[in-house]
Amino acid sequence: MEENFKEFYASYKEQIDEFYFQLKKAKERYIQHSFIMAILLCCIFLVGTLGLLRISVTTFLWEIIVVCIALFVVCFGSVFIRLKPVLTKMTEKIMLDIIKYISGDEQAKFIHNSMISQESIADMELFNLDNLKYTGKNYIAANCNNNAMNFADMEIYYYKDKIDEEVFYDKEGNRQVKEVVRKVKKQVFQGCYISATLNKKIAEHIYLIPNNIGDVIINGKLNDYLTYKGNEIELENLEFSKKYKVYSDNEIQARYILSLSLMEKINNIDDIFPDKKYIVFKEGRRFAICVDGIQIENLRKTLLPLKRREDIVEENIKFIFKRLYNLFDIYNILDLGDDLYV
């Protein structure tokens, strides 16, 4: 990863120069606007105060000075607020360029306000969307090593009725208690959803589900939340079995695909992304993995500094690069390879 980043960053210097050139122009424009706005507000304040209250400047000189200074501070403080969307757009552009570099796909997409369709999520037959709700954003699509990849932030949740007691007093002053039913949001999963095509066809679904997932989301039934199918498969790797339960209708295929080598690779994913993960190898040529606790939105919020400092700029871009690189690397770990026979 380090060598890849150095190569990317070295080739990206001109683009960073362009970012800061545009940022300087926007900053100068907003400062001019803020100065003019501060002058106008001060004039309005002075005319209004002196005219309506009919007082002299010297009567409340210090108060007037303080108010005028406050107006200038507020106006100039708003410059950063107005620049924040510019910085965010810069980060989005950096993210897209990194995605294109890692995937080698110049047609790759990154769309902040878009999400993977609910139909695509349902098609993977992992979360039970009949009982659960889904929302998401930060959609990424790219072709990598001749395989289509999709990423997005995803939240899976449901609403549960919670009964509270509400105390009130009637007209006679008697204390009364009534039950009030409120809808409480319960989160099942929040993190990054990744799906990709595979080089080899899978005969049956294979599900890897976190062992003891919140005691099945606080003592519920597993199939209330997940649409897994098949029988539980006992694997020889005890360390792996502590982390995941495996379900499939084809035990021979499941044991063949989940080789000791692949289980070790999945353990390596756990070292990078320690929170719980759901993995499904879907019948056909596709897999999906849901990685809890990591969100593309956090990368999007990594803004470059207003004043260019090379060390901070490089550190911020490296942070984004590393996280995206690790997400793409999940495919290299889970790809079953051309040489696999199923």
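Strictly over 18 Å apart at the Cα level, which of 243/277; 185/277; 100/276; 200/229 would you flag in this model?
Cα-Cα > 18 Å for 185/277; 100/276; 200/229; rest within.
When the GluC sites (Glu not before Pro) in region 85-191 are filtered for DSSP coil states and for at most 10 other beta-carbon atoms within 10 Å of their beta-carbon, the remaining sites are 106, 172. Annotation note: trypsin sites (Lys or Arg not before Pro) in region 114-217 located in DSSP loop regions with a Cβ neighbour count of at most 16 within 10 Å are 171. Given R0 = 25 Å, the distance between the Cβ atoms of residue 176 and residue 133 translates into a calculated FRET efficiency of 0.10. Compared with the alpha-carbon gap, the fully stretched path from residue 241 to residue 157 is longer by 27.6 nm at 0.36 nm per residue. For region 247-342, the set of trypsin sites (Lys or Arg not before Pro) satisfying both a DSSP loop assignment and a count of at most 15 other C-beta atoms within 10 Å is given as 301, 307, 308, 309. Suppose R0 equals 35 Å. What FRET efficiency, 1/(1 + (r/R0)^6) with r the Cβ-Cβ distance, do residue 109 and residue 270 give to the nearest 0.05? Efficiency, from the Cβ-Cβ distance: 0.75.
Report the paramagnetic label zone for residue 283: residues of region 232-262 whose backbone N is under 14 Å from a point 7 Å from Cα along the Cα-to-Cβ axis. Correct set: 248-251.
Note on residue 232 and residue 81: their simple-model spin labels are 5.5 nm apart, each label 7 Å out from Cα toward Cβ.
Only the coordinates and a few stated rules stand behind these numbers; no lab work does. These numbers come from a predicted model, not from an experiment. Ideal geometry is used to build each Cβ from the backbone, glycine not excepted, and the neighbour counts take in all protein chains shown.
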